[in-house]
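Everything below concerns the one structure shown next.
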Amino acid sequence: MRPPADALQPSIHRLVDTLARDSASRLVAALARRLGAGRIAVAEDAVQHALLQALSLWPFKGVPDRPEAWLATVAKNRALDLLRNEARGVMLADELTPIAPASTESTGRFDRELNDDELALLFAVCHPALSPEARVTFALKTVCGLTVPQIAAGLLSEPTTIAQRLVRARRQLEASGVAIETPPPDVLADRAEAVRTALFLMFNEGYSASSGEALTQPEFCVEAVRLSRALAVHPVTCSPASDAHAALLALTASRLPTRVGPDGVAQLLEDQPREQWDRGLIALGLEHLERSARGRVLTVWHLRAEIAAVHALAPSAAETDWARIVAVYDQLRDIDPSPVVELARAVALGRAHGPAEGLAALPVADGNPYGHAATAIFLTELGRTDEARGHFEKARSLARTEPERRLLERRLRS
Amino acid sequence: MAQFLLLLHSAPNYAADLPREKMMEMTRKYIAWADALRQKGKIVGGEKLTASGGRQLRSSGGKLVVSDGPYAEAKDVLGGYFIVEARDLAEAEAIARDCPHMALAPSNWAEVRPIEDMQ
């Protein structure tokens, strides 16, 4: 007899998913911080062991009341066992005792306390001994909990390249025996940018998944916003750039509730019911944006945050200050040119000055679903529906997630 | 209703090399399987056994011979058991078929044994 799909299952699915993604990386972070970056492998083995214990015991015993705390204890004991075989084992046993289990309690969506473990580990893994790409890649894997294919999508790279880079990074860190500690202020600036980049990519994966059934994975966004805010308020890491970064993430996250409609179809910015945007996050983002203006530096985070703020404050797509958005993209293009910026700028230009100008400014869409979709929309607005169709079809075949594919399907049918 | 012993055999540490995602997927399935049965009152009891660290006692020529075992290096050990409630052997077998233990490793296997009734 097959067990019926009862109400119990969804909650178990959520629980185990959350544990796999959040706790696993959090537990590794907490352990690695105590053990040193050279022992990240020990921390990972210990957490793997804890997950294995969960797999073999929970079906018999049921899920413990505080699963994360259970996993933390089992992982800690395993780490002790592994280290007892080494000379330093006994000494570390004392150091390890105070590890508190990762708290599952959250007082609200974005107002959890700063988790020093994760922030410290982020800075530690963004070590200058590693190449800039390796820092971000390693941080995304070790601290942010992204998978290799997700990292590859975020960094516009190949999974095999990412996997090799990770292996090399691990070896390098272990060979140099890097200690995990919040770096002193004088070296901080060098590392903070890699941390912000990693958090931005982690956020992006949550905001616009690189593949799969769901367009968004809000847990990634929640985590990235939380860490970005921690960065912005931490006495050592606070800076105008960190505030701008926190503003960008909070303002963008405010639109999460409307990214996908109730029918499971992705919604374009202009079709989203703006009254459902998260006002609390908008307020929070604007606060950080204001604080970000206290210095004289203008970073990519300032520019991106400004664009997000213009959208957040506009009563509708039609009433958006598109000319200002184009102007900010022009600046962004100067400091940080990329095909993504070029595409977004062209879309804004089309909204500011009409589809003909937008179309002319679009980069060649080759292989990019968003490029084809933008081309198709401008062509449609120009009455060139036959040409538009080809681009809609191309975009549909390239769509990365199911809700986006459904949206293009709908546009093709209309 | 009758009771059956569901014996789960496996190689020790057979799951140690599973990737994290796969492991969590299997955990989810396994817990869902057990909890659904529990909710229906089909599970009377069950325990996970350690893969090693036990004792084996045998008689040899009128003398008791005690040895350590099973060892973690063993190919096949009794990893755990459930006592399940079922109408008949067919239902008990169906429960065992659905048990994610079977899908966890090719060498995993299960045994369903009716528990003798006093009447």
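Pairs are defined by a Cβ separation below 7 Å, a sequence spacing of at least 6 or placement on different chains, a first member in the range A:188-212 that is free of Cβ contacts under 8 Å to residues at least 40 places away in the same chain and outside the structural domain of A:TYR370 (by TED's automatic domain parsing), and a second member that is buried (at least 20 other Cβ atoms within 10 Å of the Cβ) and part of a helix (DSSP H, G or I); the pairs so defined are A:GLY206/A:PHE220; A:GLY206/A:CYS221; A:GLY206/A:ALA224.
Scanning the range A:354-412 for residues that are small (Gly, Ala, Ser) and assigned to a loop (DSSP other than H, G, I, E, B) gives A:GLY354, A:ALA365, A:GLY367, A:GLY383, A:ALA399.
Would you please list the contacts, defined by Cβ atoms under 6 Å and residues six or more apart or on different chains, that run from a residue in the range A:139-162 that is within 14 Å of chain B (Cβ to nearest Cβ) to a residue that is assigned to a loop (DSSP other than H, G, I, E, B)? From residues that are within 14 Å of chain B (Cβ to nearest Cβ), the pairs are A:GLN150/A:SER210. Looking at B:LYS48, B:LYS40, B:LYS29, just one residue is closer than 26 Å to B:ALA92 by Cα and crowded, with 18+ Cβ neighbours inside 10 Å, and that residue is B:LYS29. Filtered by the rule that a residue be surrounded by 22 or more Cβ atoms within 10 Å (Cβ to Cβ) and under 21 Å from the mean Cα position of the chain (by Cα), the range A:310-331 gives a lone residue, A:ALA312. Within the range B:30-53, take every residue that is modelled with pLDDT of 90 or more and in a loop (DSSP other than H, G, I, E, B) and give me the one that is farthest from the other protein chains (Cβ to nearest Cβ). Here the answer is B:GLY41. So B:LEU57 clears everything in (1) more than 9 Å from chain A (Cβ to nearest Cβ); (2) closer than 19 Å to B:TRP109 by Cβ; (3) in a strand (DSSP E or B) except one condition, right? Which one? Checking B:LEU57 against (1) more than 9 Å from chain A (Cβ to nearest Cβ); (2) closer than 19 Å to B:TRP109 by Cβ; (3) in a strand (DSSP E or B), the one that fails is (2). The number of residues in the range B:78-93 that are assigned to a strand (DSSP E or B) and either at the interface with chain A (Cβ under 10 Å from one of its Cβ atoms) or buried (at least 21 other Cβ atoms within 10 Å of the Cβ) (or both) comes to 6. Within the range B:18-33, the set of residues being farther than 15 Å from A:GLN53 by Cβ and free of Cβ contacts under 8 Å to residues at least 40 places away in the same chain comprises B:PRO19, B:GLU21, B:LYS22, B:GLU25, B:ARG28, B:ALA32. When A:GLU223 is tested against (1) at pLDDT below 85; (2) part of a helix (DSSP H, G or I); (3) surrounded by fewer than 24 Cβ atoms within 10 Å (Cβ to Cβ), only condition (3) is not met. Quick check on my filter: what residues within the range B:56-90 are within 16 Å of the chain's Cα centre (by Cα) and without any contact (Cβ under 8 Å) to a residue 60 or more places away in the chain? Selection gives B:PRO70 alone. Consider B:ARG113 carefully, then state whether it is loosely packed, with under 15 Cβ neighbours inside 10 Å and free of Cβ contacts under 8 Å to residues at least 24 places away in the same chain. Against the criterion (loosely packed, with under 15 Cβ neighbours inside 10 Å and free of Cβ contacts under 8 Å to residues at least 24 places away in the same chain), B:ARG113 does not qualify.
The values are calculated or read from the model by the stated rules, or taken from the named source; none is laboratory data. The structure presented is a predicted model; accordingly, all values stated were derived computationally and were not measured. Note that we place each Cβ from the backbone using ideal geometry, even for glycine, and neighbour counts take in every protein chain shown.
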